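Only the coordinates and a few stated rules stand behind these numbers; no lab work does. Given the structure is predicted, the values throughout are model-derived calculations rather than measurements. Cβ coordinates were reconstructed from backbone atoms using ideal geometry, including for glycine residues, and neighbour counts include every protein chain displayed.
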């Protein structure tokens, strides 16, 4: 769609007698120049990113112009307020609290992350209760900051730390490793756009066509429970409620809730992608498509279908004290930490003291994970046998 739009704009401008020049500002590397040795597009991330890095670092961003000339007369335009874009009733309060849109907010967020988050990124990025990720994805999507600016800032931070380490070799800094881990995430964004560019059918259809035959189910009731954060699995419900409240969800939790939808519930990845598209402030067609197909096992560099996340074990591993659950599923906040990921197994006395009435305050699990896991593997084996 973006290519069609850009082509239309180019043709209209050229028809008006204007010279048109385009410049890549949305990606580090143009999708057409990154190819396998055989000249094909990549379908696996690591060799793709290695090929990108072999092209050399992207050019540093040019400094901002000191002054921009305004046109002699502005065209007649609607006011922003006149467009009536704000939702009625106003359900966006949580988003306004969580985000500061615009270029200034993007650069402030980058500076805060480089100062407070980069040094622990490789370890902290998987802990949803911590502020361990950059949260730059909405700003990148809307062009409020460019990937070249992000890359250059990370590169400069890593070089600065390397100089410090040479002068104080006993300091044991890991900033270089953390920078590399963070830049791989920028690389994953590049990969998503590379795949969408070369395989434009993937927002609707799986990259691996055999998954067209997968026996997905239709279950509006369970889909609604997943969307509302009422599945009975606290880490899943916390993620879905964080999404609804703030327009964002922690990256690790995105994988957990996606696995739950497509493997525990056997509902289609397209339904999950559609919900994310409607609710994420960083909804990006390339990233959304790649990540959902990755989880469903039907896309580029996809996780094996038999890799099925256990939501209880994932919660205990990445939110061991249940802080994230308590934040977004407040009805469970008074439960002792050992019971926050399995409230249905808590003794009645513990539930009573925490003020939790199962089925009324918080649902029991809508599926048995082990049963659902076996069902998903049987479906996958049936697909392989065809």
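How large is the translational diffusion coefficient of segment 207-386 in µm² per second when you combine the Kirkwood radius over alpha carbon pairs with Stokes-Einstein at 37 °C and 0.692 mPa s? Please list the in-between numbers first.
Values: Rh = 16.7 Å.
Answer from the Stokes-Einstein relation: 197 µm²/s.
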The chain, convex hull of Cα, quarter of hull surface, nm² -> 25.3
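As a test of the formula, what do you get for the chain when each DSSP H run with n ≥ 4 contributes -39,500 (n - 2.57) and the sum is divided by the residue count, at 222 nm and rounded to the nearest 500 deg cm²/dmol? Show your work: numbers first, answer last.
Details: 17 runs with 190 residues, N = 386.
Helix contribution divided over all residues of the chain: -15000 deg cm²/dmol.
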Kindly provide the Kirkwood hydrodynamic radius of segment 174-225 in Å, to one decimal, from all pairs of distinct alpha carbon atoms.
-> 14.3
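Can you figure out the FRET efficiency of residue 177 with residue 14, using R₀ = 41 Å and their beta-carbon distance, to the nearest 0.05?
Values: r = 48 Å, r/R0 = 1.17.
Using R0 = 41 Å, I get an efficiency of 0.30.
What ranking of 194, 339, 201 emerges when the number of other C-beta atoms within 10 Å of each C-beta is taken as an exposure proxy, fewest first?
Numbers: 194 28, 339 19, 201 11.
Exposure proxy ranking, most exposed first: 201, 339, 194.
Largest first and in whole Å, what are the equivalent-ellipsoid semi-axes of segment 1-126 based on the Cα gyration tensor, each being the root of 5 times an eigenvalue?
On the way: eigenvalues 210, 166, 66 Å².
So the equivalent ellipsoid measures 32, 29, 18 Å along its semi-axes.
Normalised by the residues of segment 207-386, what does the relative contact order come to in percent, with Cα pairs under 8 Å and at least six apart? Each step should come with its number before you reach the end.
On the way: 236 pairs, mean separation 47.4, N = 180.
That works out to 26 percent.
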Euclidean distance of C-alpha centroids, segment 1-32 and segment 50-125, integer Å | 21
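Could you work out how much longer the chain between residue 210 and residue 156 gets when fully extended? Use 0.36 nm per residue separation minus the Cα distance between them, nm to one decimal. List each step's numbers first, then the result.
On the way: separation 54, 0.36 × 54 = 19.44 nm, distance 4.50 nm.
Full-extension gain reported as 14.9 nm.
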Relative contact order (%) - criterion: Cα under 8 Å, at least six apart; region: the chain | 16
How many angstrom lie between the C-alpha centres of segment 213-287 and segment 309-386?
-> 15
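Please give the FRET efficiency for residue 349 paired with residue 88, using the beta carbon to beta carbon distance and R0 = 45 Å, rounded to the nearest 0.05. Please report the intermediate quantities before stating the final value.
Working: r = 46 Å, r/R0 = 1.02.
Efficiency, rounded to the nearest 0.05: 0.45.
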Between residue 50 and residue 112, what is the FRET efficiency for a Förster distance of 35 Å, r being their Cβ-Cβ separation, to the nearest 0.05?
-> 0.70
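Does segment 52-152 come out rounded, prolate or oblate by the C-alpha gyration tensor, with a ≥ b ≥ c the root eigenvalues, rounded set by a/c under 1.5 and, if not, prolate when a/b is larger than b/c and oblate if not? Can you show the working numbers first?
Details: a/c = 2.70, a/b = 1.23, b/c = 2.19.
Since a/c reaches 1.5 but b/c is at least a/b, the shape of segment 52-152 is classed as oblate.
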With springs connecting C-alpha atoms under 10 Å apart, model the chain as a Gaussian network and identify which of 106, 225, 62 has the largest mean-square fluctuation.
-> 62
Put a dot 7 Å past each Cα toward the Cβ at residue 333 and residue 36; how far apart are the dots in nm?
-> 5.2
